[in-house]
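Visitor: Here you go, one structure.
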Amino acid sequence: MATLDLAELDIRTVNRRLQGRTGDPNESAFEVLHPMGRHTLAAGINRPIDVTIRGHVGYYCAGMNQQARVTVEGNAGVGVAENIMSGEVRVQGYASQSAGATGHGGLVVIEGDASARCGISIKGVDIVVGGSVGAMSGFMAQFGTLVVLGDAGADLGDSIYEARLYVRGKVESLGADCIEKEMRDEHRQQLAELLERAGMDARPEEFRRYGSARQLYNFKVGNIGYY
Amino acid sequence: MDERKVQESATFPPKVIAEIQRAASEGLYYIRGSGAKRKVPNFDDLVFLGASVSRYPLEGYREKCDTDVTIGTRFAKKPIHLKIPITIAGMSFGALGANAKEALGRAATAMGTSTTTGDGGMTEEERVSSQTLVYQYLPSRYGMEPDQLRKADAIEVVVGQGAKPGGGGMLLGLKITRRVARMRSLPRGIDQRSACRHPDWTGPDDLEIKIQELREITDWEKPIYVKVGATRTRYDTMLAVKAGADAIVLDGMQGGTAATQTCFIEDVGIPTLPAVRQAVEALKELGMHRKVQLIVSGGIRTGSDVAKALAMGADAVSIGMGALMALNCNAPIYEEDYHALGTKPGCCHHCHTGRCPVGITTQDPELERRLDPERAAQRLQNYLTTLTLEAQTLARACGKSHVHNLEPEDMVALTMEAAAMARVPLAGTDWIPGT
């Protein structure tokens with residue numbers, strides 16, 4: 001495993017190495033030391049490597065990730081794994097706002113809590129949060145899945161499209177056009193697979209499913225009350 | 001009836017009455033395409049002071065007047081070099097059909113300038129047809145993929161646009177075909193709502209980090225623009241510079257849209273004329289004029305408009321509606337189809353319906369066939385050539401060997417409003433209102 005120490009190297013140097021622009025192209029495992037909350041760490045990787053970051057990271061860690069497995073042994077700032085396309089990003093601590101925002105694919109796991117707007121505008125990514133999520137999570141979520149083992153803050157799934165939301169704990173309130181939906185076998189099966197992939201110990205039967213009532217899909221007079 | 005006693009109300013003229021009665025009938029704001037139709041102070045209110053005894057001109061047909069511009073010189077490893085200072089503004093595939101996008105790309109490439117993507121990401125066709133392609137990074141992030149970022153020649157972080165500063169995009173269900181829906185990860189046929197704020201940043205401090213992320217992902221190669229609708233232009237310009245932009249795209253209220261509420265189009269934002277001046281002043285105050293390039297859009301129609309924007313301090317202009325009109329938007333053909341939309345050539349703003357009579361703002365295959373991309377591209381190329389020749393002609397008349405050498409001192413204003421907004425003297429005086 002190659003070691004990259006941010007106490008000695010700058011972000012640019014570390015990211016170029018992780019992106020495979022420098023160094024041995026066959027290196028497949030990295031550990032990053034002393035991240036100290038730096039922003040944009042491990043952003044833009046597009047190759048199947050393992051990256052372990054030993055400490056807390058700032059904004060947009062593993063942003064737009066493709067193929068890589070990135071683990072943060074600490075907390076993550078705003079927009080961790082934003083627009084992830086594939087691969088896996090795991091935060092062992094807590095995550096700030098907009099975790100997994102707009103992600104198209106892959107898996108994001110937050111073992112602790114995630115703040116507001118977790119899974120905002122997702123387009124296919126699967127997100128599993130071991131703790132609770134803040135307000136407006138799943139806002140305008142298009143496709144993909146958000147699983148919350150704890151509670152969800154106010155206005156969950158506001159203006160949601162076709163994404164699926166599963167929450168085990170309490171939901172403070174549902175956002176515009178978001179409703180509780182029936183949990184069928186296909187949902188329990190999807191959830192079981194996701195929980196297993198995320199390494200979370202929970203039973204699908206404990207969750208409730210939420211999604212779009214599809215009443216805001218077309219502009220019409222009757223929708224005014226939603227706003 | 002005695003016609004002399006019949007008086008129309010200034011407050012409630014027939015058009016206002018019609019809108020009140022439409023609202024009373026439908027209970028919903030009116031959504032349309034195009035830009036502001038109201039009259040606002042604009043570049044027509046400025047004139048150039050051609051050379052005479054105190055200045056001498058360049059020989060129109062012999063002495064060179066250059067038009068090239070380089071964008072992205074501040075931080076990007078690969079700035080883009082354009083042969084003309086006129087770019088094609090961001091317009092999405094979805095709002096426009098594939099033929100229109102192809103025509104824009106072909107013409108821009110032939111002229112050595114850039115074209116720009118829009119909501120929904122980059123199509124393969126437009127990447128192929130556009131030699132220099134600017135990739136818009138929008139709040140919705142529809143179709144936003146890192147591979148496309150890397151394929152682009154520059155990245156434009158869209159904060160707002162002149163037709164609707166503070167508002168998000170719209171694409172009505174008629175235009176959400178299978179391909180558009182797939183590109184945007186949305187169900188087919190819905191009225192698509194785009195967010196007005198980016199999902200993972202708010203404010204200039206976050207924007208700085210977002211720009212850093214985009215640079216890291218693209219290895220600091222691409223120029224990064226920040227596009228704003230003209231409102232609090234002085235502050236927006238300064239904050240975009242502070243956030244690390246290579247270039248600022250400033251879109252005045254005359255700028256067009258494919259669909260938004262009329263109240264937005266007509267009543268939000270400021271005209272291009274004062275906005276350019278505010279942006280240039282802000283850049284000069286920071287010592288960044290010509291270091292951070294300024295690209296101005298919103299109501300640029302002629303080479304005179306181009307020259308005036310450059311004289312005020314812009315590095316380039318960007319055109320959207322003018323380019324579409326060169327393709328045939330609002331041309332007097334297929335008139336019965338304009339009538340079916342309740343309008344006529346010259347007044348059409350029905351981009352939002354997807355029923356574009358000339359096959360530009362549509363996803364309908366039959367309507368799209370009305371636009372031959374090769375012939376349309378030739379028309380746009382001719383138009384861009386004309387704009388360039390006009391701008392050169394005016395620059396030579398003012399004695400300039402490059403269009404960027406035009407300056408505010410080359411112009412005067414014909415109205416007090418324009419003098420105050422552009423901060424050039426009222427014609428025949430030394431008076432600049434407000435100074």
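The values are calculated or read from the model by the stated rules, or taken from the named source; none is laboratory data. This one's a predicted model, so the numbers in the text were calculated from it and none came from an experiment. All Cβ positions, glycine included, derive from the backbone under ideal geometry; neighbour counts span all protein chains shown.
Visitor: If you scan the stretch B:213-263, which residues turn out to be under 15 Å from B:Val40 (Cβ atoms) and either among the hydrophobic types (A, V, I, L, M, F, W, C) or within 14 Å of chain A (Cβ to nearest Cβ) (or both)?
Guide: Scanning the stretch B:213-263 gives B:Ala230, B:Met253.
Visitor: For B:Ile31, only one of the following conditions fails: (1) modelled with pLDDT under 95; (2) exposed (fewer than 12 other Cβ atoms within 10 Å of the Cβ). What is its number?
Guide: Going through the list (1) modelled with pLDDT under 95; (2) exposed (fewer than 12 other Cβ atoms within 10 Å of the Cβ), B:Ile31 breaks only (2).
Visitor: Further question: May I ask you to list the residues in the stretch B:31-63 that are within 17 Å of B:Pro408 (Cα to Cα) and among the charged types (D, E, K, R)?
Guide: B:Asp44, B:Asp45, B:Arg55
Visitor: List pairs: first in the stretch B:33-60 and among the aromatic types (Phe, Trp, Tyr), second part of a strand (DSSP E or B), Cβ under 6 Å, 6+ apart or cross-chain?
Guide: B:Phe48/B:Met411
Visitor: Yes or no: the stretch A:42-61 includes at least one residue that is in a loop (DSSP other than H, G, I, E, B), within 14 Å of another protein chain (Cβ to nearest Cβ) and closer than 16 Å to A:Thr3 by Cα. Quick ask: steps written out before the conclusion?
Guide: First pass over the stretch A:42-61, keeping only residues in a loop (DSSP other than H, G, I, E, B): A:42-45, A:47-49, A:55-56, A:58-61.
In the following step, the residues that additionally are within 14 Å of another protein chain (Cβ to nearest Cβ) were identified as A:42-45, A:47, A:58-61.
Next, only the ones that are closer than 16 Å to A:Thr3 by Cα stay: A:42.
So far as the stretch A:42-61 goes, yes, one or more of its residues are in a loop (DSSP other than H, G, I, E, B), within 14 Å of another protein chain (Cβ to nearest Cβ) and closer than 16 Å to A:Thr3 by Cα.
Visitor: How do the pairs read when you match residues in the stretch B:201-212 that are at the interface with chain A (Cβ under 7 Å from one of its Cβ atoms) with residues anywhere that are surrounded by fewer than 19 Cβ atoms within 10 Å (Cβ to Cβ), using Cβ under 9 Å and keeping only pairs 6 or more apart or on different chains?
Guide: B:Gln212/A:Ile11
To keep it simple, each residue is scored yes or no on (1) touching a helix residue (DSSP H, G or I) at 6+ places or on another chain (Cβ under 8 Å); (2) more than 25 Å from B:Glu366 (Cα to Cα).
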| position | (1), (2) |
| --- | --- |
| B:Ile80 | no, yes |
| B:Thr87 | yes, yes |
| B:Ser92 | no, no |
| B:Leu104 | yes, no |
| B:Gly112 | no, yes |
| B:Glu126 | yes, no |
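Visitor: Going by what's in this entry, would A:Val133 be described as within 12 Å of chain B (Cβ to nearest Cβ), over 10 Å from the mean Cα position of the chain (by Cα) and buried (at least 24 other Cβ atoms within 10 Å of the Cβ)?
Guide: Values: within 12 Å of chain B (Cβ to nearest Cβ): no; over 10 Å from the mean Cα position of the chain (by Cα): yes; buried (at least 24 other Cβ atoms within 10 Å of the Cβ): yes.
No, not satisfied.
Visitor: Scan the stretch B:312-371 for residues that are acidic (Asp, Glu) and touching a Pro at 6+ places or on another chain (Cβ under 7 Å) and jot them down. Reasoning before the result, please.
Guide: In the first step, residues of the stretch B:312-371 are kept if they are acidic (Asp, Glu); the result is B:315, B:335-337, B:364, B:366, B:368.
Hits for the stretch B:312-371 are B:Asp315, B:Glu335, B:Asp337.
Here is a yes/no grid of residues against (1) surrounded by 23 or more Cβ atoms within 10 Å (Cβ to Cβ); (2) touching a Cys at 6+ places or on another chain (Cβ under 9 Å); (3) not in a loop (DSSP other than H, G, I, E, B):
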position: B:Ile360; (1), (2), (3): yes, yes, no
position: B:Leu367; (1), (2), (3): no, yes, yes
position: B:Ala376; (1), (2), (3): yes, no, yes
position: B:Tyr383; (1), (2), (3): no, no, yes
position: B:Ala395; (1), (2), (3): yes, yes, yes
position: B:Gly399; (1), (2), (3): no, no, no
position: B:Val412; (1), (2), (3): no, no, yes
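Visitor: Still on this structure, I have one more. Tell me yes or no: at least one residue of the stretch A:90-101 is within 14 Å of another protein chain (Cβ to nearest Cβ), more than 21 Å from A:Phe139 (Cβ to Cβ) and surrounded by fewer than 24 Cβ atoms within 10 Å (Cβ to Cβ).
Guide: no
Visitor: Further question: Just to verify a result, which residue in the stretch B:126-146, among those that are farther than 19 Å from A:Phe143 by Cβ and not hydroxyl-bearing (Ser, Thr, Tyr), is nearest to the other protein chains (Cβ to nearest Cβ)? Break it down stepwise before answering.
Guide: So the first thing to find is which residues in the stretch B:126-146 are farther than 19 Å from A:Phe143 by Cβ, and the list is B:126-137.
Okay, now just the ones that are also not hydroxyl-bearing (Ser, Thr, Tyr), so B:126-128, B:131, B:133-134, B:136.
On the way: B:Glu126: 20, B:Arg127: 18, B:Val128: 22, B:Gln131: 25, B:Leu133: 19, B:Val134: 19, B:Gln136: 14 Å.
Among those that are farther than 19 Å from A:Phe143 by Cβ and not hydroxyl-bearing (Ser, Thr, Tyr), it is B:Gln136.
Results for (1) under 22 Å from A:Asn65 (Cβ atoms); (2) touching an Asp or Glu at 6+ places or on another chain (Cβ under 9 Å), shown as yes or no for each residue.
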| site | (1), (2) |
| --- | --- |
| A:Phe139 | yes, yes |
| A:Gly150 | no, yes |
| A:Asp155 | no, yes |
| A:Phe207 | no, no |
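Visitor: Within the stretch B:377-428, count every residue that is under 20 Å from B:Arg277 (Cα atoms) and among the β-branched types (Val, Ile, Thr).
Guide: Within the stretch B:377-428, residues that are under 20 Å from B:Arg277 (Cα atoms) and among the β-branched types (Val, Ile, Thr) number 4.
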